[in-house]
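Remarks on the structure that follows.
The values are calculated or read from the model by the stated rules, or taken from the named source; none is laboratory data. The structure displayed is predicted, hence computed values, not measured ones. When we count neighbours, we look across all protein chains shown, and the Cβ atoms used for this are built from the backbone with ideal geometry, even at glycine.
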There are 2 protein chains.
Amino acid sequence: MGTERELIARIARRVRGGSGVVLGIGDDAALLEAPAGWLVATCDALLAGRHFAPEDDPADVGWKALAVNLSDLAAMGARPRHALLALNLPEADVEWLERFLDGFLAIAHEHGVALVGGNLARGDLSITVTLLGEVAAGRALRRDGGRAGDRLWVTGALGAAAAALASLRRGERPPPDWRARLDRPVPRVSAGLALAGVAHAAIDLSDGLLADLDRLCTASGTGAEIDLSALPFAPGLEALGDDDRLAFALGGGEDYELLLALPPGLDPRSQLADQIPITAIGTLTAEPGIRLRDPRGALRPVGAMGFDHFAGAGDA
Amino acid sequence: MGTERELIARIARRVRGGSGVVLGIGDDAALLEAPAGWLVATCDALLAGRHFAPEDDPADVGWKALAVNLSDLAAMGARPRHALLALNLPEADVEWLERFLDGFLAIAHEHGVALVGGNLARGDLSITVTLLGEVAAGRALRRDGGRAGDRLWVTGALGAAAAALASLRRGERPPPDWRARLDRPVPRVSAGLALAGVAHAAIDLSDGLLADLDRLCTASGTGAEIDLSALPFAPGLEALGDDDRLAFALGGGEDYELLLALPPGLDPRSQLADQIPITAIGTLTAEPGIRLRDPRGALRPVGAMGFDHFAGAGDA
């Protein structure tokens, strides 16, 4: 449709070239300089009514659509380079598109990512982003490299996005810093890059610490112990009851922090030049299953704590 | 959701490794060996109710979802390598998914494409495929390399998919070979590979010859003359009236043949080892605009032939 061509022209006008781009938007496919080392590729979608509300600020939606993909590349220790954007839009809404691009291109610029292609179609509002990056051969962070005895570390703080979502669902207005964590997650790209080739394993926290730890453990063939008194709760969560705070931090999801398994004795704080907080929260174990050490020192399986229903939650 | 994880496990079970795949489905991102030369990337979506009917055979939908992307890489002269598949499904329908994979993996196998990642979410049925490939640096076929005097060639035959669609819309049952062209288009990957570095310009015919020729001409800064008596009509179209036949071949779309601009004097039939038919249909001109030479030898602008409303039709 004419209007769809017009929208594509608008996108193309706001996107000019980029590092490693031989030919961007406008031909049958993009031509890109080959990555150094391995090519890293991921794809994530946000659907209206499921991952965001149709009335959300399109700039936040644009930010988040790329942020969740950047978080996946961060978890591989990869440097992001090029993105393809597939938009299904119910109507040719120029204002929505321009606001969406404000957020999408802002975080793209922050991470040196060039938008090089995509697709536009009329349909129920959803956004699918494919993100391409690079990592030195053999230095990628995978889920399956963890070993019993590795220390578990987590970047940043946990629970703010889930706390914000819970507030919204109760019809309340969450504190701005919680809301910002939900709407504009900050992918830990530089932490992933700094720890590529150093950490034994990594995963990003999209579905909650327990669910994502369970995936890392399953892939690595280990179990894990988490020290609840060590968890880095997001600011403001201390005002909540113990149960809510733990539920948000362990099961809430959408933190987009990195969970890393590091060789014992290696302190990653010296590797992280840019002031990213990182906290040791537990250990990988030969014994399978996840156990939680409560503040009184007692060790209990996740199920006994009432958190087993979190494992495996969340999107694919 | 558990069921979505189960669907992903089903996909992963049917996809094992592939050429150049270091790590496929199952981590935060895929790890792939770097392409030789340039990396080529494209992304295309099929939406239920718009690009296919919800009741269509899922195997055909799976085939076509990859075929349209393969056609884009063919138009760049690229060798396809790896695909990412983002599926929005209204429900966790295992039978639909397995049939979809039958078609998707059949054409993937034909072209040596490995499925290495993607996304699964609950939503209105749509399929977004990102396809990655490679082409020797400097040998890619672009839209913008055509020059006045180049001969225009088209692979295969035109109009069958559009004729099938018109039959269906009238509530009739189209002949099986027309229907097959609509449901299972055959991307001209080997023709693109054979003519990479040889043709001056290329585009695939997704929106109809006139619309796509218009794009090639605009990008190349040329016009074009098309000889109507030279057009390779699909078998069976000779039974139609002149107007329908021309409308399907010039404006119908979904042919997924390649339109190529070749240096005058170069006959591509010697390059195409695998029996792909290719026909000279016209010439690029310094004078802008598209003119059609009718069977009596008269040359008229597209507008005067009543075909101007086709230009620019179709999806983004």
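Side notes on the structure shown:
- Of all residues in region B:201-217, those that are more than 19 Å from B:R293 (Cα to Cα) and free of Cβ contacts under 8 Å to residues at least 60 places away in the same chain total 1.
- Filter result (more than 30 Å from A:A137 (Cα to Cα) and more than 13 Å from chain B (Cβ to nearest Cβ)) within region A:17-62: A:A53, A:E55, A:D56, A:D57, A:P58, A:A59, A:D60, A:V61, A:G62
- As a summary of the residue check, B:F104 satisfies the conditions (1) more than 10 Å from chain A (Cβ to nearest Cβ); (2) surrounded by fewer than 22 Cβ atoms within 10 Å (Cβ to Cβ); (3) at pLDDT 95 or above except for the one numbered (2).
- Residue list for region A:1-16, filter: of a type in the set (V, I, T) and either more than 7 Å from chain B (Cβ to nearest Cβ) or assigned to a strand (DSSP E or B) (or both): A:T3, A:I11, A:V15
- Taken as a whole, the condition of being touching a strand residue (DSSP E or B) at 6+ places or on another chain (Cβ under 7 Å), modelled with pLDDT under 95, in the same structural domain as B:G112 (by TED's automatic domain parsing) and hydroxyl-bearing (S, T, Y) does not apply to B:S71.
- Residue check for B:L85: in contact with a Lys or Arg (Cβ under 9 Å, 6 or more places away or on another chain) and more than 27 Å from B:G197 (Cα to Cα): no
- One residue from A:A160, A:A92 being within 14 Å of chain B (Cβ to nearest Cβ), more than 19 Å from A:D44 (Cα to Cα) and among the aliphatic types (A, V, I, L, M): A:A92
- When B:V129, B:V113 are checked against the criterion of being within 28 Å of A:G133 (Cβ to Cβ) and at the interface with another protein chain (Cβ under 10 Å from one of its Cβ atoms), B:V129 stands alone in meeting it.
- Among the residues listed as B:A108, B:A92, the single one being out of contact with any His (no Cβ under 9 Å at 6 or more places or on another chain) and in a helix (DSSP H, G or I): B:A108
- Residue among A:A202, A:A211, A:A148 that alone is more than 13 Å from A:L258 (Cβ to Cβ) and within 14 Å of another protein chain (Cβ to nearest Cβ): A:A211
- Set B:A45, B:A41: member being outside the structural domain of B:Y256 (by TED's automatic domain parsing), outside any helix (DSSP H, G or I) and more than 27 Å from A:G37 (Cα to Cα): B:A45
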